[in-house]
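Worksheet: the structure to be examined is printed underneath.
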Amino acid sequence: MLSYRHAFHAGNHADVLKHCVLMFVIDYLKQKEKPLWYVDTHAGAGAYDLNSIEAKKNAEFSGGIELLFAQRAILPPALQLYIDAIENFRARAPHGYPGSPWLAAHLLRAQDRLRLFEMHPQDFDILQEIMVHDRRVAVAASDGFAGLKALLPPPSRRALVLIDPPYELKEDYARVVAVLSDALRRFATGTYMVWYPLLPRVESARLPERLATLNHNALRIELRIDEPRGDFGMYGSGMYV
Ligand code: SAM
(Lines give C-alpha, C1' and ligand atoms only; values in the text may rest on other atoms or scores of the structure.)
Protein backbone atom coordinates (compact mmCIF):
# COMPACT_ATOMS: atom_id res chain seq x y z
CA MET A 1 0.00 0.00 0.00
CA LEU A 2 1.53 3.28 -1.14
CA SER A 3 0.70 6.23 1.11
CA TYR A 4 3.18 8.80 -0.22
CA ARG A 5 1.73 11.49 -2.52
CA HIS A 6 4.16 13.95 -4.01
CA ALA A 7 1.34 16.53 -4.34
CA PHE A 8 1.91 17.42 -0.66
CA HIS A 9 5.54 18.34 -1.36
CA ALA A 10 5.49 19.65 -4.93
CA GLY A 11 7.74 22.64 -5.52
CA ASN A 12 9.45 22.47 -2.13
CA HIS A 13 13.17 23.15 -1.63
CA ALA A 14 13.98 19.53 -2.39
CA ASP A 15 12.16 19.65 -5.74
CA VAL A 16 13.97 22.88 -6.60
CA LEU A 17 17.37 21.32 -5.94
CA LYS A 18 16.52 18.06 -7.73
CA HIS A 19 14.96 19.73 -10.76
CA CYS A 20 17.75 22.31 -11.18
CA VAL A 21 20.36 19.55 -11.13
CA LEU A 22 18.25 17.43 -13.51
CA MET A 23 18.08 20.28 -15.99
CA PHE A 24 21.83 21.05 -15.78
CA VAL A 25 22.63 17.40 -16.45
CA ILE A 26 20.20 17.02 -19.39
CA ASP A 27 21.47 20.24 -20.91
CA TYR A 28 25.05 18.98 -20.63
CA LEU A 29 24.23 15.56 -22.12
CA LYS A 30 22.50 17.21 -25.09
CA GLN A 31 25.86 18.40 -26.39
CA LYS A 32 26.07 15.06 -28.24
CA GLU A 33 23.56 14.36 -31.01
CA LYS A 34 23.35 10.64 -30.23
CA PRO A 35 19.94 9.69 -28.73
CA LEU A 36 19.69 9.80 -24.96
CA TRP A 37 17.43 7.59 -22.84
CA TYR A 38 15.91 9.18 -19.74
CA VAL A 39 14.68 6.74 -17.10
CA ASP A 40 12.67 8.03 -14.12
CA THR A 41 12.28 5.10 -11.69
CA HIS A 42 9.88 7.04 -9.42
CA ALA A 43 8.23 9.52 -11.75
CA GLY A 44 5.33 10.90 -9.68
CA ALA A 45 2.34 12.56 -11.39
CA GLY A 46 4.37 14.79 -13.71
CA ALA A 47 2.33 17.92 -12.92
CA TYR A 48 0.94 19.46 -9.74
CA ASP A 49 -1.58 22.14 -8.85
CA LEU A 50 -0.20 24.33 -6.07
CA ASN A 51 -3.77 25.48 -5.33
CA SER A 52 -4.83 21.93 -4.47
CA ILE A 53 -5.78 20.94 -0.92
CA GLU A 54 -2.78 18.62 -0.82
CA ALA A 55 -0.23 21.24 -1.88
CA LYS A 56 -1.74 23.93 0.36
CA LYS A 57 -1.77 21.69 3.45
CA ASN A 58 1.77 22.66 4.47
CA ALA A 59 2.43 25.04 1.55
CA GLU A 60 5.93 23.60 1.17
CA PHE A 61 6.25 25.38 -2.18
CA SER A 62 6.42 28.73 -0.38
CA GLY A 63 9.89 27.78 0.90
CA GLY A 64 10.89 26.41 -2.51
CA ILE A 65 9.78 27.46 -5.97
CA GLU A 66 7.82 30.52 -4.81
CA LEU A 67 10.81 31.88 -2.90
CA LEU A 68 13.08 31.40 -5.90
CA PHE A 69 10.53 32.56 -8.47
CA ALA A 70 10.00 35.82 -6.60
CA GLN A 71 13.73 36.52 -7.05
CA ARG A 72 13.87 35.47 -10.70
CA ALA A 73 15.02 38.86 -11.95
CA ILE A 74 18.27 38.62 -9.97
CA LEU A 75 19.11 34.93 -10.17
CA PRO A 76 22.43 33.73 -11.59
CA PRO A 77 22.30 32.81 -15.33
CA ALA A 78 22.81 29.12 -14.51
CA LEU A 79 19.28 28.95 -13.11
CA GLN A 80 17.67 30.51 -16.18
CA LEU A 81 16.98 27.19 -17.88
CA TYR A 82 14.95 26.02 -14.88
CA ILE A 83 13.10 29.34 -14.50
CA ASP A 84 12.28 29.36 -18.23
CA ALA A 85 10.84 25.84 -17.94
CA ILE A 86 8.67 26.83 -14.97
CA GLU A 87 7.43 29.90 -16.88
CA ASN A 88 6.66 27.72 -19.89
CA PHE A 89 4.67 25.29 -17.72
CA ARG A 90 2.84 28.15 -16.01
CA ALA A 91 1.78 29.69 -19.31
CA ARG A 92 -0.79 26.85 -19.39
CA ALA A 93 -1.18 26.19 -15.66
CA PRO A 94 -0.58 29.48 -13.77
CA HIS A 95 -0.64 27.86 -10.30
CA GLY A 96 1.11 24.71 -11.37
CA TYR A 97 4.45 23.08 -10.82
CA PRO A 98 5.95 20.45 -13.16
CA GLY A 99 7.40 17.14 -12.05
CA SER A 100 10.64 15.55 -13.24
CA PRO A 101 9.02 13.72 -16.24
CA TRP A 102 7.54 16.94 -17.63
CA LEU A 103 10.82 18.85 -17.16
CA ALA A 104 12.80 16.09 -18.85
CA ALA A 105 10.32 15.83 -21.74
CA HIS A 106 10.44 19.61 -22.11
CA LEU A 107 14.22 19.65 -22.48
CA LEU A 108 14.83 16.42 -24.39
CA ARG A 109 14.89 16.19 -28.20
CA ALA A 110 12.97 14.27 -30.86
CA GLN A 111 15.63 11.54 -31.00
CA ASP A 112 15.58 10.96 -27.20
CA ARG A 113 13.37 8.49 -25.31
CA LEU A 114 11.75 8.59 -21.87
CA ARG A 115 10.89 5.56 -19.73
CA LEU A 116 8.81 6.41 -16.65
CA PHE A 117 7.72 4.23 -13.71
CA GLU A 118 5.02 5.24 -11.22
CA MET A 119 3.26 2.82 -8.90
CA HIS A 120 0.58 4.98 -7.27
CA PRO A 121 -2.61 4.42 -9.33
CA GLN A 122 -3.83 8.03 -9.16
CA ASP A 123 -0.46 9.57 -9.94
CA PHE A 124 0.06 7.03 -12.71
CA ASP A 125 -3.25 8.08 -14.33
CA ILE A 126 -2.28 11.77 -14.24
CA LEU A 127 1.18 11.00 -15.61
CA GLN A 128 -0.20 8.88 -18.40
CA GLU A 129 -2.67 11.56 -19.40
CA ILE A 130 0.09 14.18 -19.58
CA MET A 131 2.38 11.96 -21.62
CA VAL A 132 -0.08 10.11 -23.83
CA HIS A 133 0.53 12.23 -26.95
CA ASP A 134 4.31 12.20 -26.65
CA ARG A 135 5.59 9.33 -28.78
CA ARG A 136 9.03 9.44 -27.16
CA VAL A 137 7.54 8.36 -23.83
CA ALA A 138 6.54 5.00 -22.32
CA VAL A 139 4.91 4.94 -18.87
CA ALA A 140 4.64 1.84 -16.66
CA ALA A 141 2.58 1.35 -13.50
CA SER A 142 5.19 -0.93 -12.02
CA ASP A 143 8.16 -1.02 -9.68
CA GLY A 144 10.86 1.32 -11.00
CA PHE A 145 13.67 -0.46 -9.14
CA ALA A 146 12.86 -3.69 -10.96
CA GLY A 147 11.99 -1.95 -14.24
CA LEU A 148 15.38 -0.23 -14.49
CA LYS A 149 17.19 -3.58 -14.74
CA ALA A 150 15.34 -4.55 -17.90
CA LEU A 151 16.25 -1.26 -19.63
CA LEU A 152 20.00 -1.37 -19.17
CA PRO A 153 21.99 -1.01 -21.29
CA PRO A 154 19.75 1.08 -23.58
CA PRO A 155 19.97 0.62 -27.38
CA SER A 156 21.72 3.97 -27.90
CA ARG A 157 24.25 3.25 -25.11
CA ARG A 158 23.51 6.69 -23.62
CA ALA A 159 21.23 7.08 -20.60
CA LEU A 160 20.38 9.34 -17.71
CA VAL A 161 18.61 7.68 -14.78
CA LEU A 162 16.83 9.55 -11.99
CA ILE A 163 16.21 7.47 -8.86
CA ASP A 164 13.87 9.45 -6.61
CA PRO A 165 12.01 7.18 -4.16
CA PRO A 166 9.86 8.48 -1.27
CA TYR A 167 12.05 6.79 1.42
CA GLU A 168 8.88 6.27 3.48
CA LEU A 169 9.85 2.64 3.66
CA LYS A 170 13.21 2.00 5.30
CA GLU A 171 13.93 -0.58 2.58
CA ASP A 172 14.17 2.22 -0.01
CA TYR A 173 17.66 3.12 1.30
CA ALA A 174 18.96 -0.40 0.77
CA ARG A 175 17.14 -0.77 -2.54
CA VAL A 176 18.74 2.42 -3.90
CA VAL A 177 22.22 1.09 -3.14
CA ALA A 178 21.42 -2.35 -4.59
CA VAL A 179 19.82 -0.98 -7.76
CA LEU A 180 22.66 1.45 -8.43
CA SER A 181 25.25 -1.23 -7.85
CA ASP A 182 23.43 -3.53 -10.29
CA ALA A 183 22.93 -0.72 -12.84
CA LEU A 184 26.63 0.18 -12.79
CA ARG A 185 27.47 -3.46 -13.49
CA ARG A 186 25.03 -3.60 -16.40
CA PHE A 187 25.85 -0.20 -17.82
CA ALA A 188 28.88 1.50 -16.29
CA THR A 189 28.88 4.53 -18.59
CA GLY A 190 25.34 5.66 -17.75
CA THR A 191 24.69 8.83 -15.79
CA TYR A 192 22.79 8.18 -12.56
CA MET A 193 21.21 10.66 -10.21
CA VAL A 194 19.95 9.67 -6.76
CA TRP A 195 17.90 12.10 -4.69
CA TYR A 196 18.04 11.63 -0.91
CA PRO A 197 16.59 13.46 2.10
CA LEU A 198 18.68 14.91 4.92
CA LEU A 199 16.96 13.48 7.96
CA PRO A 200 18.18 12.87 11.50
CA ARG A 201 18.17 9.11 11.01
CA VAL A 202 21.02 6.75 10.49
CA GLU A 203 19.89 5.34 7.10
CA SER A 204 19.74 8.83 5.64
CA ALA A 205 23.14 9.87 7.02
CA ARG A 206 24.80 6.71 5.69
CA LEU A 207 23.26 6.68 2.21
CA PRO A 208 25.70 9.07 0.44
CA GLU A 209 28.67 7.23 1.97
CA ARG A 210 27.27 3.90 0.83
CA LEU A 211 26.75 5.31 -2.68
CA ALA A 212 30.32 6.63 -2.68
CA THR A 213 31.65 3.09 -2.29
CA LEU A 214 30.08 2.17 -5.64
CA ASN A 215 31.71 4.79 -7.82
CA HIS A 216 34.32 7.45 -7.22
CA ASN A 217 33.52 9.56 -10.26
CA ALA A 218 30.61 11.29 -8.55
CA LEU A 219 29.28 14.64 -7.50
CA ARG A 220 27.47 15.10 -4.20
CA ILE A 221 25.30 18.21 -3.96
CA GLU A 222 23.40 19.16 -0.80
CA LEU A 223 21.05 21.99 0.09
CA ARG A 224 20.51 22.53 3.81
CA ILE A 225 17.68 24.85 4.73
CA ASP A 226 17.71 24.28 8.49
CA GLU A 227 19.67 22.81 11.39
CA PRO A 228 18.93 19.16 12.23
CA ARG A 229 16.35 19.25 15.04
CA GLY A 230 15.69 16.37 17.43
CA ASP A 231 14.97 13.12 15.70
CA PHE A 232 12.34 14.30 13.24
CA GLY A 233 12.04 16.47 10.14
CA MET A 234 13.82 16.96 6.84
CA TYR A 235 16.42 19.71 7.10
CA GLY A 236 17.56 19.57 3.50
CA SER A 237 18.24 17.15 0.69
CA GLY A 238 20.93 15.94 -1.63
CA MET A 239 21.60 14.78 -5.16
CA TYR A 240 24.24 12.16 -5.77
CA VAL A 241 25.25 12.27 -9.45
N1 SAM B 1 10.46 12.22 -9.43
C2 SAM B 1 9.26 13.00 -9.13
C3 SAM B 1 9.57 14.46 -9.41
O4 SAM B 1 10.71 14.90 -9.18
O5 SAM B 1 8.66 15.18 -9.86
C6 SAM B 1 8.80 12.82 -7.72
C7 SAM B 1 8.66 11.40 -7.29
S8 SAM B 1 8.08 11.15 -5.66
C9 SAM B 1 9.40 11.67 -4.65
C10 SAM B 1 8.18 9.40 -5.53
C11 SAM B 1 7.11 8.64 -6.33
O12 SAM B 1 7.47 7.26 -6.37
C13 SAM B 1 5.72 8.68 -5.74
O14 SAM B 1 4.82 9.21 -6.68
C15 SAM B 1 5.37 7.21 -5.42
O16 SAM B 1 4.02 6.89 -5.67
C17 SAM B 1 6.28 6.48 -6.35
N18 SAM B 1 6.72 5.12 -5.96
C19 SAM B 1 6.94 4.63 -4.72
N20 SAM B 1 7.53 3.42 -4.79
C21 SAM B 1 7.68 3.14 -6.12
C22 SAM B 1 8.29 2.08 -6.84
N23 SAM B 1 8.82 1.01 -6.20
N24 SAM B 1 8.32 2.13 -8.19
C25 SAM B 1 7.77 3.18 -8.85
N26 SAM B 1 7.21 4.25 -8.22
C27 SAM B 1 7.17 4.22 -6.88
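The values are calculated or read from the model by the stated rules, or taken from the named source; none is laboratory data. All values derive from a computational prediction rather than experimental measurement. Backbone-built Cβ (ideal geometry, glycine too); neighbour counts: all protein chains shown. These accessible areas exclude ligands, DNA and RNA; they are computed on the full protein's heavy atoms, side chains included. Shrake-Rupley method; radii C 1.70, N 1.55, O 1.52, S 1.80 Å.
Candidates 198, 184: the one that is modelled with pLDDT of 95 or more and over 28 Å from residue 105 (Cβ atoms) is 198. Screening the range 1-37 for residues that are among the β-branched types (Val, Ile, Thr) and within 12 Å of the ligand (Cβ to nearest atom) and picking the one that is nearest to residue 234 (Cα to Cα) gives 16.
Just one of (1) open to solvent by 70 Å² or more (accessible area, probe 1.4 Å); (2) under 23 Å from residue 26 (Cβ atoms) fails for residue 58. It is (2). Of all residues in the range 127-148, those that are surrounded by 15 or more Cβ atoms within 10 Å (Cβ to Cβ) and at pLDDT 95 or above have Cβ atoms under 6 Å from Cβ atoms of residues that are polar (S, T, N, Q) and part of a loop (DSSP other than H, G, I, E, B), 6 or more apart or on another chain, in 144/41; 148/41.
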